[in-house]
Amino acid sequence: ASGGRAVGALLFVVKTGDPVRTPLAVAALAEAGPEALEPLLKLLVHRSRDVRYTARKAVAEMGITEAVPRIAELISSPKTPGRAQLLALLGHLWCPDSLAALEEAARAHHQPDLRLAAVKVLSQQSGHRVLRILRDVARSDGNNEVRHLAVQALIWQGDTASVPTFLRMLASERDFIRM
């Protein structure tokens, strides 16, 4: 109720680590307004899964896309817990920066589970650039699960420009790709 003045008190509650009150304090931070964005971004890497979840939810509800570069930095750090969930957060903060971060993760990340998470987020979006990224992943990714999800997303979105790619994939000798 007291807005930005409550941020310090709420952060104190988070610091105590109380398993019941900490997620409630993080949820209250979201209601404190833009002044609470910086503390919420720091809580995205908190040791408690519940705190990270509540912080992600709060940042998504705030919808401040200026946070996207910081979130992309967190995703690129191998020490950050819950990087796949942070990729999902980028889907809620849709802007050119989030699309670029998702594209980078879908095409070039060295961990297949993060490429898969990025493709999942991209499959829920539409647009010419998203379809182009999904087509590229469907053609060239080394992980069959990632490729399969990209193909499913292209089919679901009714991308007729992908038909030649699908025909080339049908000519493949690998059964998984033909399926």
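The values are calculated or read from the model by the stated rules, or taken from the named source; none is laboratory data. Everything quoted here is computed from the prediction, not taken from an experiment. Cβ placement follows ideal geometry from the backbone for every residue including glycine, while neighbour counts extend to all protein chains displayed. Only protein heavy atoms, including side chains, enter the accessible area calculation; ligands, DNA and RNA are left aside. Shrake-Rupley method; radii C 1.70, N 1.55, O 1.52, S 1.80 Å.
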Counting just the residues of segment 140-179 that are open to solvent by less than 60 Å² (accessible area, probe 1.4 Å), farther than 15 Å from Leu116 by Cβ and among the β-branched types (Val, Ile, Thr), which one comes out modelled with the lowest pLDDT? Ile177
Tell me yes or no: at least one residue of segment 2-21 is of a type outside the set (A, V, I, L, M, F, W, C) and crowded, with 16+ Cβ neighbours inside 10 Å. no
Number of positions in segment 119-139 that are open to solvent by less than 80 Å² (accessible area, probe 1.4 Å) and either touching a residue at least 40 places away in the same chain (Cβ under 8 Å) or within 16 Å of the chain's Cα centre (by Cα) (or both): 8
Kindly establish whether Leu116 is surrounded by 19 or more Cβ atoms within 10 Å (Cβ to Cβ), touching a Lys or Arg at 6+ places or on another chain (Cβ under 7 Å), within 30 Å of Leu43 (Cα to Cα) and touching a residue at least 12 places away in the same chain (Cβ under 8 Å). no
Mind counting the residues in segment 98-108 that are over 11 Å from Val137 (Cβ atoms), of a type outside the set (A, V, I, L, M) and crowded, with 18+ Cβ neighbours inside 10 Å? 1
Step by step: first the residues of segment 26-75, then only those that are open to solvent by 40 Å² or more (accessible area, probe 1.4 Å) and of a type in the set (Val, Ile, Thr), then the one that is farthest from Val7 (Cα to Cα). Which residue is that? Thr65
